[in-house]
Protein chains: 2
Amino acid sequence: MYILVSYDISTNSAAGKRRLRTAAKICLNYGQRVQNSVFECEVDEGQYLQLKHQLHEVIDESVDNLRFYRLGKHYKKTVESIGVDKRYDIEGPLIL
Amino acid sequence: MYILVSYDISTNSAAGKRRLRTAAKICLNYGQRVQNSVFECEVDEGQYLQLKHQLHEVIDESVDNLRFYRLGKHYKKTVESIGVDKRYDIEGPLIL
């Protein structure tokens, strides 16, 4: 299934900047970055639980926010992007 | 229908900061901010076209990115938020 993960992480402190880097690395293990703090992940239920748990361990709930959206199977037909698109097609050919 | 709007707007210049403020104002006309650059909007097809057009007019496509996701009717049951939640329930009671 496809999941959209977005986060707001307070970077007012060095610790916040570290949380931001760590959160990004975790998300990149499960999917691709489409905007600075937005990721599209293709995961099964087990991986989804793992992803949520790992991110939950990283953030400071008093100042940060994580949001997870279950995107439908056909979300690719419905998502629209305007402007510089950082997304690459997970199932597309990997050109080395 | 429910739409998720997220944007990456380059704020390296004064113009970029202006674009960011304007984009946020436009999105707030159609829905609520759930994270700094993420909004949940309840719109019909006409309003959705208007929202996209207004935002498209504002951004600099060479450096900014807009993403629109159609969330299903029942997205509220599937979205999960961890940490500081800026969201308020559109249909909930407005306490003055």
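Coordinate-derived values only; no laboratory data. All values reported here derive from a predicted model rather than from experimental measurement. We place every Cβ from the backbone using ideal geometry, glycine too, and count neighbours over all the protein chains shown.
Odds and ends about this structure:
- Its residue count N sets the reference 2.2 N^0.38 Å, and the alpha-carbon radius of gyration of chain B equals 1.12 times that reference.
- Hz values of 3J(HN,Hα) by residue in the stretch B:5-14 - Karplus curve (6.51, -1.76, 1.60), Gly and Pro given as x: 10, 10, 9, 10, 10, 5, 10, 6, 10, 4
- Charge dipole of the protein assembly as shown (Cα centre as origin; +1 on each Lys and Arg Cβ, -1 on each Asp and Glu Cβ, all else neutral): 360 debye, rounded to the nearest 20.
- Förster radius 22 Å - calculated FRET efficiency between residue B:80 and residue B:42, Cβ distance, rounded to 0.05: 0.70
- Long pairs among A:73/B:76; A:52/B:76; A:77/B:73; A:17/B:52, criterion Cα-Cα beyond 24 Å: A:17/B:52
- Using a 7 Å projection from Cα along Cα-to-Cβ, the label point at residue A:53 is separated from the same position in the remaining copies by 4.9 nm, smallest value first.
- Residue (of B:56, B:72, B:32) at the positive-pole extreme of chain B, dipole from beta-carbon charges: B:32
- In nanometers and ordered shortest first, the copy-to-copy spacing of the residue B:17 label point, defined 7 Å from Cα toward Cβ, is 2.0.
- Neighbour-count order for B:33, B:21, fewest beta carbons within 10 angstrom listed first: B:21, B:33
- Counting every other Cβ atom within 10 Å of each residue's Cβ, B:27, B:41 order from fewest to most as B:41, B:27.
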